[in-house]
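Have a look at the structure below before the remarks.
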Amino acid sequence: MDGNGRWAQARGKPRLFGHQAGGRRVREIVESCPQLGVKYLTVFAFSTENWKRTQAEVTGLMTLFKRYITKEANALRDNGVRVRFIGDRIRLETKLVEMMDNLEKLTEHNDLVHLTIAINYGGRDEVARATKRLAREVKAGRLDPEEVDAETLAKYLDTYVLPDPDLVIRTSGEARISNFLLWQSAYAEYEFVDTLWPDFTKDIFAEILRNYAKRERRFGAVAG
Ligand code: FPP
């Protein structure tokens, strides 16, 4: 969800103003999913690198995440959205982690749309954490190293219950992956759009999905 800062700057406003506007877009995009046939949506809200931002911005974002959860919880539950969080919770404040756990619990029986919010998430960090857990299993004698393959490692990732992404959309004109779902996106299609996240409407989303539907995906095989 890139471009919030620039969107705010262009209006002579502080960066947090852009993050707030970005938060409102999340609602619109999530609500459009059932009609557009999107069952799984993952949004990148805060990366393991975002701690390098000013203290004011980091605190502001954490406050925004708590406000988002408080404000949206009931609507998400009532609209059939199952919410999950990925990322390392260890560095997040206890109150926020508690709210994240509660929202996951509140929506755990929903199945219309699966919304995953990545907070303190980094693809490399996720693979490192997964490897650590896997190594512990080996050390405890519960896992034979010879049996470890890609499928085994995937079970230790934060996303173990989720399908791999079909399409990754990056907003704001940047053509980088920036540590997002590195492992899971091995065969994903990419769309890089110039639109800043606060301007990313459901109509733009729908158009990108229409283009995606025209692509031929071969997963390493030849055309059939
Ligand atoms: C990247 O834009 C955006 C973020 C780091 C924050 C995203 C958070 C939200 C949209 C709030 C919604 C919250 C939830 C929990 C769904 P940027 O700041 O890097 O923008 P720039 O590249 O223009 O500076």
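The values are calculated or read from the model by the stated rules, or taken from the named source; none is laboratory data. Small disclaimer: the values here were computed from a predicted structure and weren't measured. Cβ sites come from the backbone with ideal geometry, for glycine too, and all protein chains shown count toward neighbours. All accessible areas refer to the heavy atoms of the entire protein, side chains included, with ligands and DNA or RNA removed. Shrake-Rupley method; radii C 1.70, N 1.55, O 1.52, S 1.80 Å.
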*Roughly how many nanometres apart are two label points built 7 Å out from the Cα toward the Cβ at residue 218 and residue 135?*
3.9 nm
*Spin-label model distance (nm) - residue 88 vs residue 52, 7 Å beyond Cα toward Cβ*: 1.5 nm
*Kirkwood Rh, Cα Rg: Rg to Rh for region 85-206?*
1.01
*List every residue whose amide H lies under 5 Å from the amide H of residue 189, counting only residues 5 or more places away in sequence or on a different chain, with H placed 1.01 Å from N in the peptide plane.*
167, 168
*If the chain between residue 78 and residue 28 were fully stretched, how many nm would it gain, using 0.36 nm times the residue separation less the Cα-Cα distance?*
16.5 nm
*According to the Kirkwood expression over distinct Cα-Cα pairs, how big is the hydrodynamic radius of region 156-224, in Å?*
13.6 Å
*Could you work out how far apart the two model spin labels at residue 101 and residue 207 are, taking each label as a point 7 Å from the Cα in the direction of the beta carbon, and quote it in nm?*
4.4 nm
*Counting only protein heavy atoms and using a 1.4 Å probe, what share of the accessible area of region 1-122 belongs to carbon plus sulfur, as a whole percent?*
51 percent
*Out of every Cα pair in the chain, what percent are spaced more than 23 Å from each other?*
52 percent
_Unsatisfied cross-links (Cα-Cα over 30 Å) in the set 39/66; 66/214; 13/214; 95/139; 105/214_ = 66/214; 13/214; 95/139; 105/214
*Taking springs between alpha-carbon atoms closer than 10 angstrom, which of 25, 77, 53 fluctuates most in the Gaussian network model of the chain?*
53
